[in-house]
Amino acid sequence: MRRFPRFLITVSLVLVCLLVAGTVVAPIGAVPAEAAASSEATGAKTADKSLPTYKISPKSTPVLGYERYGTYSKATHCYYLLRSYMEKLEAEGGGTLILKKGTYTLSNTIFVPSNVTIIFNKKVKLKKSMDSGTDLFPPSYSFFQLCAPSNAQKEGAYKEYGGVHDVAFIGKGKVTFDQASAQDVISIMMCHNKNITVKGINFKNMCAGHFLEIDASENVLIEDCTFTGHKDSPKNNKEAINLDTPDKVTGGFHADWSSYDKTPNKKVTIRNCTFKDLERAIGTHKYSQDKLHKDITIRDCSITKCDKDAIRVMNWKDFTIKNNTIDTVTDGTDKVYRAILVSGGYGMDISYNTFKNVPRPVQIMAWRNSEAGSEYDTIYNDVTDSEMELMQTNTLIGGVEYFIRWNKLYEVYNTDTVKIPVRVGD
């Protein structure tokens, strides 16, 4: 566990109480005011009981005749098995697929249609393979994409929130999605979706991709999941859960069934989840001009050991980050990282979080995309007095700066700065 020098902690505590040149220190209020909270997602309802239910195991035979394909082999068996049932459920208007215990090795993407619930029974493991067993097509880089199988090859099939809807991934007992540290792999890709639930699944072994890619989606609930383990990406900034926009300018999404219309997310809730040994837990690393993700909630989560800022807010409106514990943010160097980094934030409730072994608890600052997307305008923040007052309910243990920084100007860090005290924990 990284320890910070006692004298730095002492100096930081003194700074909270002093007015320094060009700096405003926010007053401590006796009773925190209420901030505008985000509206929480409800996710998907499970598939209607009037729709069909199927059960499979790793030894089941695909339907629709896929076992007769020349590319059907041991390497593609589970791919064709799950693919065949998704196509069958699409034709039937939806339904439920139950996976019995065992290991399902997936070489290629499974496209999921609307009104589908996938239940993973105890001891189910999905494992990524980068061997398709054939020269006719390469392996792909995702487990699931929320796109109807019939639209998977159609360019621009979906826009806004008009794509696949009402899909649930439900883990019963210990269920694992293992990306096997394969480069750029993503477990679940969402775009133009509505009413989605991911619950009770353990995601592990990420390398330069994400576990969940959430773009242009509305009413998404991520609950009771764990996200653990990574190999470093080139920029060391990949999020376990990425909130992004389908934007060709930024390269924020890669699936041509999207119209790339830059639609932001609306109403995404991440709660009761555990994150450990990651580059970043949750966030956005590129923004689209004037496209703000709205009603984002992160609460009651545990985040331990991130290389960089554990939660990266970028162009979010009406968001809540509350009752979380974030412990140890460092890449092993002397660089100063934060538990939460905010840019382009409006209508925020950052409260009652506990930060441990983090140099800076929260920093709020102006930002501009670098490289791809750099033509977009610089983004700034708007923080009200009541929001600053509520921020003082956060607690820091074993840090350096016992205050939240709000740098109002782009690339100006020593002046025009508000410092908001936080509680000092034991």
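The values are calculated or read from the model by the stated rules, or taken from the named source; none is laboratory data. Remember, predicted model here, so these are calculated numbers, not experimental data. Using ideal geometry, Cβ is built from the backbone for each residue, glycine included, and neighbour counts are taken over all protein chains shown.
Can you tell me which residue within region 153-177, out of those that are over 17 Å from the mean Cα position of the chain (by Cα), part of a strand (DSSP E or B) and of a type outside the set (Phe, Trp, Tyr), is surrounded by the fewest Cβ atoms within 10 Å (Cβ to Cβ)? So the residue we want is 176.
One residue stands out among those in region 358-374 that are over 15 Å from residue 410 (Cα atoms) and exposed (fewer than 15 other Cβ atoms within 10 Å of the Cβ): the one that is nearest to the chain's Cα centre (by Cα), which is 372. May I ask you to list the residues in region 209-256 that are among the basic types (Lys, Arg) and either surrounded by fewer than 24 Cβ atoms within 10 Å (Cβ to Cβ) or out of contact with any His (no Cβ under 9 Å at 6 or more places or on another chain) (or both)? Passing the criteria: 231, 235, 248. If the condition is being closer than 22 Å to residue 222 by Cα, at pLDDT 95 or above and exposed (fewer than 13 other Cβ atoms within 10 Å of the Cβ), then region 32-66 contributes no residue at all.
For region 182-189, check the following and say yes or no: at least one residue is among the polar types (S, T, N, Q), modelled with pLDDT of 95 or more and either in contact with a Leu (Cβ under 9 Å, 6 or more places away or on another chain) or surrounded by 24 or more Cβ atoms within 10 Å (Cβ to Cβ) (or both). Checked against the condition, which is being among the polar types (S, T, N, Q), modelled with pLDDT of 95 or more and either in contact with a Leu (Cβ under 9 Å, 6 or more places away or on another chain) or surrounded by 24 or more Cβ atoms within 10 Å (Cβ to Cβ) (or both), region 182-189 yields at least one hit. Among the criteria (1) assigned to a strand (DSSP E or B); (2) within 18 Å of residue 47 (Cβ to Cβ); (3) without any contact (Cβ under 8 Å) to a residue 60 or more places away in the chain, the one residue 89 does not fulfil is (1). Criterion applied to 93, 70 was being under 29 Å from residue 216 (Cα atoms) and surrounded by fewer than 19 Cβ atoms within 10 Å (Cβ to Cβ), and the one residue passing it is 93.
The rows are residues; the columns are (1) outside any strand (DSSP E or B); (2) at pLDDT 95 or above; (3) acidic (Asp, Glu); (4) touching a Lys or Arg at 6+ places or on another chain (Cβ under 7 Å).
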| position | (1), (2), (3), (4) |
| --- | --- |
| 317 | no, yes, no, yes |
| 333 | yes, no, no, no |
| 336 | yes, no, no, yes |
| 342 | no, yes, no, no |
| 345 | no, yes, no, no |
| 362 | no, yes, no, yes |
| 426 | yes, no, yes, no |
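Residue count for region 33-87, restricted to those that are within 30 Å of residue 382 (Cα to Cα) and either over 30 Å from the mean Cα position of the chain (by Cα) or not aliphatic (A, V, I, L, M) (or both): 6. Based on what the data block shows, is residue 414 more than 25 Å from residue 290 (Cα to Cα), buried (at least 23 other Cβ atoms within 10 Å of the Cβ) and polar (S, T, N, Q)? Answer is no for this residue.
Could we say that residue 184 is of a type in the set (Asp, Glu), assigned to a loop (DSSP other than H, G, I, E, B) and closer than 26 Å to residue 290 by Cα here? For residue 184, the condition - of a type in the set (Asp, Glu), assigned to a loop (DSSP other than H, G, I, E, B) and closer than 26 Å to residue 290 by Cα - is not met.
For region 274-295, give me each residue that is among the β-branched types (Val, Ile, Thr) and either part of a strand (DSSP E or B) or more than 15 Å from residue 241 (Cα to Cα) (or both). Residues satisfying the conditions are 274, 282.
Scan region 225-242 and tell me whether some residue there is within 19 Å of residue 342 (Cα to Cα), at pLDDT 95 or above and in contact with a Phe, Trp or Tyr (Cβ under 7 Å, 6 or more places away or on another chain). Yes, region 225-242 has at least one match. Taking first residues from region 143-170 that are farther than 21 Å from residue 42 by Cα and partners that are surrounded by fewer than 16 Cβ atoms within 10 Å (Cβ to Cβ), the Cβ contacts under 7 Å between residues at least 6 apart in sequence or on separate chains come to 155/256. For region 141-152, a residue qualifies if it is more than 19 Å from the chain's Cα centre (by Cα) and part of a strand (DSSP E or B), but none of them does. For the criterion of being over 19 Å from residue 203 (Cα atoms), in contact (Cβ under 8 Å) with a residue 24 or more places away in the chain and among the polar types (S, T, N, Q), residue 117 fails.
Among the residues of region 258-273, the ones that are in a loop (DSSP other than H, G, I, E, B) and either touching a Lys or Arg at 6+ places or on another chain (Cβ under 6 Å) or closer than 20 Å to residue 314 by Cα (or both) come to 7 in all.
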